[in-house]
Amino acid sequence: MDAVQVDALVIGAGQAGAPLSTALARAGWKTALIERNNVGGTCINEGCTPTKTMVASARVAYLVGRSEDYGVRDGRAVVDMAEVRQRKRDIVESFRASSERRLDRMDNLELIRGDARFVAPKTVDVRFRDGSTRRIAADHVFINTGGRPTRPSLDGLDSVSWFDSTSIMEVDQSPEHLLVLGGGYVGLEFGQMFRRFGSQVTIIQRGGQLLSMEDSDVAGAVADILRQDGVDVLLDAQAIRVEPQGDGVCLTVETPDGERGVSGSHLLVATGRTPNTDTLGLDAAGVETTKAGFIRVNDRLETSAPGVYALGDVKGGPAFTHISYDDFRVIRANLLQGGSASTEGRLVPYVVFIDPQLGRIGLTEADARRQGLAIKVATLPMDHVARAVELDESRGFLKAIVDADTGQILGCAMLGIEGGELMAMIQIAMLGKVHYRQLRDGIFAHPTLSEALNNLFSRIEQA
């Protein structure tokens, strides 16, 4: 089969692949972008956009249910899951269509719908739905195929119906009792969301705390918030089998006190992500992967095969949209702008969109102590923040880690209303290497959440 030759071949139209393909095309590179499913990747289609749309609906239901706390009587939330789902679908379709229009209008860029598989270094066959194929060879290849929900090795899983983080967003009724297997940010967001939609919810976490990468005090506060909302949280509970039970399921878990059964109407499996590399034929490309299937890259996103790069979730590491987009910026800087950009040492922010939000940037306290750093740690309960009290949203606390010698901020966890936005303020300070005293002494408008930084960093001297 003769191959069509292009300057750049991008596999996957996700949050790195789509902007990269347009940047390359705009620079005059003849570019082919292959997408087997929907433009926009996980973020637009199954991740950020749909989940946060549904989280917003759940928060409205929560506030309606709390209306009497604000002196507003007769509040009663009636959730129409079909309408929630349609709102989610409409927003996803709007975002996706906008992305597709941008790609279709771009000169030097061809969007190809099909499955790509390497047949030689920097050469792929694209298989279309009608069974036909097309061969494409490129000077540069960029892999941005992302990941999918992991199917765990759980005895009996084939015997029951279960949801993953994609399929559960298509329900038209709230489950009566949702069992959530996994205590990471995906499990927590869906768990609280469906509790607010009216489901009974039990979260089963095999470790001793939720959010295993967080400090124990932060994870403990998150668990307390979920329990306040009526979510049952089981820790140190290793799932060993699942089986049908009437119209529902029974999950058997191993706990420090022995085996116990946990019954529910539905099961959500939220135990991680698997890279979409198993059908790419990476051996033919000379691209090395880890045992888990993630593509190995260096700090410039170069794979083991010359001229082949990997971006986004497919390479492992932090699986966030903003990291995928920064991967694109690294490639753009190095290939189109003559730069020497690297992923080494970049700050990785993230937000867990429970309510209140958990915003995180930089080192945890445990990270800093493991590294032997001299640090000071300050915490501030949200019920000491005037704006949070006025809003009657005073759950959670703020936490900052500061270098004891230099006064530089090393990291923070912001568990509180709009915690993600507060975290971003700290991130800006860290990017600018601002001394913590400047935040301690800065003038912030009153009453705002941001003025909490005055009091938070005033506590550094007391640490």
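What follows draws every value from the coordinates through simple rules; no lab data is involved. Please read all numbers here as calculations on a predicted model, not as lab measurements. Backbone-built Cβ (ideal geometry, glycine too); neighbour counts: all protein chains shown.
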Point to revise | Sum of side-chain charges, G281 neighbourhood, beta-carbon under 10 Å (Lys, Arg +1; Asp, Glu -1) | key: -2
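Could you list, in their original order, any pairs among K52/K315; K30/K315; K52/K399; K122/K291; K376/K433; K30/K88 whose Cα atoms are separated by more than 27 Å?
Result: K30/K88 exceed 27 Å.
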Review point. How far is helix 321-336 tilted off the main Cα axis of the chain, in degrees rounded to 10, range 0 to 90?
Key: 40 degrees
Practice item. Apply the Karplus parameterisation 6.51 cos²θ - 1.76 cosθ + 1.60, with θ equal to phi minus 60°, to every residue of the stretch 278-283 and state each ³J(HN,Hα) to the nearest whole Hz, in sequence, with x for glycine and proline. Key: 5, 10, 7, x, 5, 4
Review point. Where the centroid of each part is defined by its Cα atoms, how far is the stretch 362-393 from the stretch 23-48 in Å?
Key: 38 Å
Check your understanding: How high is the FRET efficiency between R113 and R76 when r is their beta carbon distance and R₀ equals 45 Å, given to the nearest 0.05?
Key -> 0.45
Review point. Among G442, M425, Q462, which residue has its Cα positioned farthest towards the positive end of the charge dipole of the stretch 356-462, with +1 placed on the Cβ of Lys and Arg, -1 on the Cβ of Asp and Glu, and the dipole taken about the Cα centre?
Key: Q462
Check your understanding: So what is the calculated 222 nm ellipticity per residue for the chain, using -39500 (n - 2.57) for each DSSP H run with n of 4 or more, over all residues, to the nearest 500 deg cm²/dmol?
Key -> -9000 deg cm²/dmol
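Given charges of +1 on the Cβ of Lys and Arg and -1 on the Cβ of Asp and Glu, with all other atoms neutral, how large is the dipole of the stretch 60-181 about its Cα centre, in debye to the nearest 20?
540 debye
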Exercise for review: Just subtract the alpha-carbon distance of H446 and A97 from 0.36 nm times their residue separation and send over the number in nm, one decimal.
Suggested key: 121.5 nm
Check your understanding: P(r) tail for the stretch 157-271, what percent of Cα pairs lie past 16 Å?
Key -> 56 percent
Practice item. Please go through the stretch 408-450 and write out the trypsin sites (Lys or Arg not before Pro) that DSSP classes as loop and that have at most 11 other C-beta atoms within 10 Å. Key: K433
Practice item. Would you mind listing how long the stretch 112-200 runs along its three principal axes, going by Cα atoms, in whole Å with the largest first? Key: 53, 28, 26
**Study point:** the stretch 356-462: C-alpha pair distances exceeding 16 Å, %
**Key:** 53 percent
Practice item. In debye, nearest 20, what is the charge dipole magnitude of the stretch 1-93 about its Cα centre with +1 on Lys and Arg Cβ and -1 on Asp and Glu Cβ, if you could check? Key: 180 debye
**Study point:** Nearest-ten-degree value, helix 17-26 long axis tilted from longest Cα axis of the chain
**Key:** 50 degrees
Point to revise | Backbone N under 17 Å from the N455 label point (7 Å along Cα→Cβ), restricted to the stretch 199-232 | key: none
Point to revise | Cβ-defined net charge surrounding M193, 11 Å radius [Lys, Arg +1; Asp, Glu -1] | key: +1
Study note, to complete from the structure: Charge dipole of the stretch 75-125 built from unit charges on the beta carbon (Lys, Arg +1; Asp, Glu -1), centred at mean Cα; most positive-end Cα among V78, V124, I91 is V78
Practice item. Could you point to the residue in I354, G317, A400 farthest towards the positive end of the stretch 266-411's charge dipole, with +1 and -1 charges on the Cβ of Lys/Arg and Asp/Glu respectively? Key: G317
Practice item. Give me the number: length gained by fully extending R127 to V4, i.e. 0.36 nm times residue separation minus the C-alpha to C-alpha distance, one decimal in nm. Key: 42.8 nm
Review point. Any idea what angle helix 81-104 forms with the longest principal axis of the chain, computed on alpha-carbon atoms, 0 to 90 degrees, nearest 10?
Key: 40 degrees
Revision key, fill the gap. Computed about the Cα centre, the charge dipole of the stretch 322-463 from +1 Lys/Arg and -1 Asp/Glu charges at the Cβ has a magnitude in debye, to the nearest 20, of 420 debye
